Amino acid sequence: NQQSSGQISHLALDIGGSLIKLVYFSRNNNNSVASKAGNASSNGNSRTLVVDGQIHFKRFETSKINDCIEFIHSRKLHLGGVQHHEAPTSDKIMIKATGGGACMFADLFKEKLGVFLDKEDEMDCLVAGANFLLKAVHHEAFTYMDGRKEFVQIHHDDLYPYLLVNIGSGVSMLKVDGDGKFERVSGTSVGGGTFWGLGRLLTRCKSFDELLELSHQGNNRVVDMLVGDIYGGTDYSKIGLSATAIASSFGKAISNDKELEDYKPEDIARSLLRMISNNIGQISYLNALRFGLRRIFFGGFFIRGQAYTMDTISVAVKYWSKGEAKAMFLEHEGFLGALGAFLSYEK
Ligand code: ADP
């Protein structure tokens, strides 16, 4: 995602427990680029959104913060905008930043780049980012079910209220009623960090991508106890449970018929992904029910555009709500907070 000749302004950061997200803007020197919000391209860790110039999205692992600082330095992203003139003699370069790391790494940014991090509230940023994307980007929200992705057009007047579920390391659930109007109504510590941490302990895999890749190849039925396993292969139809419904995540691993080594990492990874996605889907639905919300938008980098994750969350929401509530996902899923911090330059 090379931006070469463009003039950089406004770098914003979201420094989370697992990942650092960067959003920055480059103005195009020529005017030939279509200036329409919503033109997006992506490759791996980078995305681009064309908005009379380009908004760039980039992520790094928080443990590799020095790579992130080197990236900012090599592209001079931090020199884009001098925001505050605190004293006549010393111009201070302020960079908008959110997430826990905005406090924790402030000294490092000052030391290595000579910039000050101007902290913005994480929840404010999440909501600002989500509201912006849902209003400004044509192809942003989509449903995902049975392998089918369908973009959803939401009219500005009909956006609120909605439930925003951000699945980062941990999970936050916010009831959003308007611009800057929201309440954090719930959350769970069983989130993306749990999937990655527990997955690493159980499978010994080396990276998050490897864990995801493993989960693609696995079969959760080897590890999960299904209704059919308990009811001799038949449904428990009286209470509407099919034979294939999971009665107990990981419940089949109690069996003495199998040596522990015989449980394959890929089956464990898949069961874990399913368990966590299901659980988040269910808690989200309960909160939507609590406040009478029909729409639930899921963001955060746990999702990573993964078919199986989105499918599981969608099915959980559909199942528990008996089709009343809808799970929706966002193209810029992991960048809500960073985008919110970016937008806060305008405040
Ligand atoms: P946070 O702000 O807490 O870091 P994110 O929205 O960035 O939250 O999501 C972090 C989660 O994203 C991780 O817990 C993990 O489940 C998932 N994830 C996706 N890609 C990666 C990656 N390359 N490395 C680590 N975790 C990743």
key: Relative compactness, the range 204-347, computed as alpha-carbon Rg over 2.2 N^0.38 Å   = 1.23
key: q = 0.25, 0.27, 0.29, 0.31 Å⁻¹, the range 143-193: log10 I(q)/I(0) [Debye, one scatterer per Cα]   = -0.95, -0.96, -0.98, -1.01
query = For labels at residue 322 and residue 184 in the simple 7 Å Cα→Cβ model, what's the distance in nm?
reply = 3.4
key: lysines with Cα under 18 Å of residue 326, excluding same-chain neighbours fewer than 8 positions away   = 149, 175, 318
message = Once each part is reduced to its C-alpha centroid, what is the distance from the range 117-142 to the range 154-171 in angstrom?
response = 10
ask   = At a Förster radius of 41 Å, what calculated FRET efficiency corresponds to the Cβ-Cβ distance of residue 217 and residue 347, to the nearest 0.05?
value = 0.30
task = Assign unit charges at the C-beta atoms only (+1 for Lys and Arg, -1 for Asp and Glu), then state the dipole size of the chain relative to its Cα centre in Debye, rounded to the nearest 20.
result = 260
key: Cα-based reach from residue 92 at 22 Å (exclusive), listing lysines while leaving out same-chain residues under 8 positions away   = 76, 110, 112, 119, 347
key: log₁₀ of I(q)/I(0) at q = 0.13, 0.16, 0.19 Å⁻¹ - the range 121-257, Debye sum with one point per alpha carbon   = -0.87, -1.08, -1.15
inquiry  = What does the charge count around residue 146 come to, taking other residues whose C-beta lies under 12 Å from its C-beta (Lys +1, Arg +1, Asp -1, Glu -1)?
reply    = +1
key: Computed FRET value (nearest 0.05) for residue 70 with residue 111, which takes r as the C-beta separation and R₀ as 22 Å   = 0.95
Rg(Cα) / (2.2 N^0.38 Å) computed for the chain, rounded to two decimals = 1.08
On Cα atoms only, tilt of 307-320 relative to the major axis of the chain in degrees = 60
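Values quoted throughout were computed directly from the atomic coordinates according to the rules given, and no laboratory measurement underlies them. On a predicted model such as this, the values are computed, not experimentally measured, just so you know. Note that we place each Cβ from the backbone using ideal geometry, even for glycine, and neighbour counts take in every protein chain shown.
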